[in-house]
Structure formats: structure tokens, C-alpha cells
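Q: Questions regarding the structure given below will be posed in turn.
The values are calculated or read from the model by the stated rules, or taken from the named source; none is laboratory data. Bear in mind that the values here come from a model prediction, so they are computed numbers and not experimental data. Here the Cβ is made from the backbone with ideal geometry for all residues, glycine too, and neighbour counts use every protein chain on show.
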Amino acid sequence: MALHQSSLDVAASPEVVWRVWSDPVHWPEWNPDVAEMSVDGPFATGSSATMRTRAGRTHRMQILEVSPPRRFVLVTRAAPGMRLRFECSVEPLDGGRSRVSQGVELGGVIGTLAARRAGPKLAASFQPILQGLAERSQAMAHG
């Protein structure tokens, strides 16, 4: 499976970005796609979560990995035969800056068939999400 990814540089440290990104209950405040997010337990490997999108869909998610303050991985079933695996990472840059990246791998029978066409479109749709994350992180870092 190929990882389709978008990245953005942020004027905030990885630790500040991580505080924003690892608090999913507050994602609706800066993520333009999320209307509501809840986690059954801590934001940790093995926990499950539920996301309600602004488009009105509800997705159950499993948190496959949390490696503070650098990376987390979520998986959900978008439809029968389509699994989406999201990788979210924060890398340190010079000058107290960070690079944030969100990627998706499409799996399952339908996901594998749709990956070549849908993967790049999904990756492009991450830019407004990363921009919201950047703005929130920068406000925390400089506010």
C-alpha cells in the first residue's frame, strides 16, 4: 500500500504541535472536517475513538499507535471493503519550527482498487486540516 501524504511547516515546536494534535476532543475547534470527536479512554495505543464529520458521517476508529511527541496512527473502515489507515507525524525543524504530515493508506478490496485515484485526492484534502493545526499551534506558541 502506498502512503499518500501532505505536509506543512509550522512556526511552533513539536511539543506545542503535539499538545494540539493529541487532544482529539478539541479537533472540531481547528479541523474543518470534524464536527465531534471522542476517545474511549486516553489518547493511547489501543484506544478507540468516534468521529462525526461536518458532512454528517460517523466513523469508528482504532488508535493503532501513539508515539509522543512525534506520531500517531488511526485506522477506520470508510465502507465495506475499504480501510483507511491515517499516519500523522510531527518532525522538528531548525529554529523551533516543525513539519506536520498527514498521510493515508487505502486498504481492503475496494480501497486497494481505489487507491491510485482516491489517494492523491485525499492527501490534497489534508491541507486545510494541517493549516488549521498550524494556526492553532502557532497561536499557542506565540500567544
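Q: Go through the stretch 91-122 and give me each residue that's hydrophobic (A, V, I, L, M, F, W, C), surrounded by 14 or more Cβ atoms within 10 Å (Cβ to Cβ) and at pLDDT below 95.
A: Listed by number, the residues that qualify are Leu106, Ile110, Ala114, Ala115, Ala118, Leu122.
Q: Between Pro92, Pro42, Pro69, Pro80, which is without any contact (Cβ under 8 Å) to a residue 60 or more places away in the chain and within 20 Å of Leu133 (Cα to Cα)?
A: Testing whether each residue is without any contact (Cβ under 8 Å) to a residue 60 or more places away in the chain and within 20 Å of Leu133 (Cα to Cα) leaves just Pro69.
Q: Another question, then. Filter the stretch 121-135 for residues that are within 12 Å of the chain's Cα centre (by Cα) and among the hydrophobic types (A, V, I, L, M, F, W, C) and give the result.
A: Leu122, Ala123, Phe126, Ile129, Leu130, Leu133
Q: Does Gly95 qualify as being within 19 Å of Val17 (Cβ to Cβ) and out of contact with any His (no Cβ under 7 Å at 6 or more places or on another chain)?
A: So Gly95 fits the description; yes.
Q: Before we move on, is Phe86 within 16 Å of Ser22 (Cα to Cα), of a type in the set (Phe, Trp, Tyr) and within 11 Å of the chain's Cα centre (by Cα)?
A: yes
Q: Among Arg54, Arg70, which is within 23 Å of Ala141 (Cα to Cα) and among the charged types (D, E, K, R)?
A: Details: Arg54 fails: within 23 Å of Ala141 (Cα to Cα).
After applying the criteria, what remains is Arg70.
Q: Looking at this structure, is Arg70 modelled with pLDDT of 95 or more and touching a Pro at 6+ places or on another chain (Cβ under 9 Å)?
A: Criteria met by Arg70.
Q: Report, by residue number, each residue of the stretch 9-32 that is under 13 Å from the mean Cα position of the chain (by Cα) and either crowded, with 16+ Cβ neighbours inside 10 Å or of a type in the set (S, T, N, Q) (or both).
A: Residues satisfying the conditions are Val17, Trp18, Val20, Trp21, Ser22, Pro24, Trp27, Pro28, Trp30, Asn31.
Q: Please determine whether any residue of the stretch 37-44 is β-branched (Val, Ile, Thr), in a strand (DSSP E or B), out of contact with any Lys or Arg (no Cβ under 7 Å at 6 or more places or on another chain) and buried (at least 17 other Cβ atoms within 10 Å of the Cβ).
A: Looking for residues that are β-branched (Val, Ile, Thr), in a strand (DSSP E or B), out of contact with any Lys or Arg (no Cβ under 7 Å at 6 or more places or on another chain) and buried (at least 17 other Cβ atoms within 10 Å of the Cβ), one finds at least one in the stretch 37-44, hence yes.
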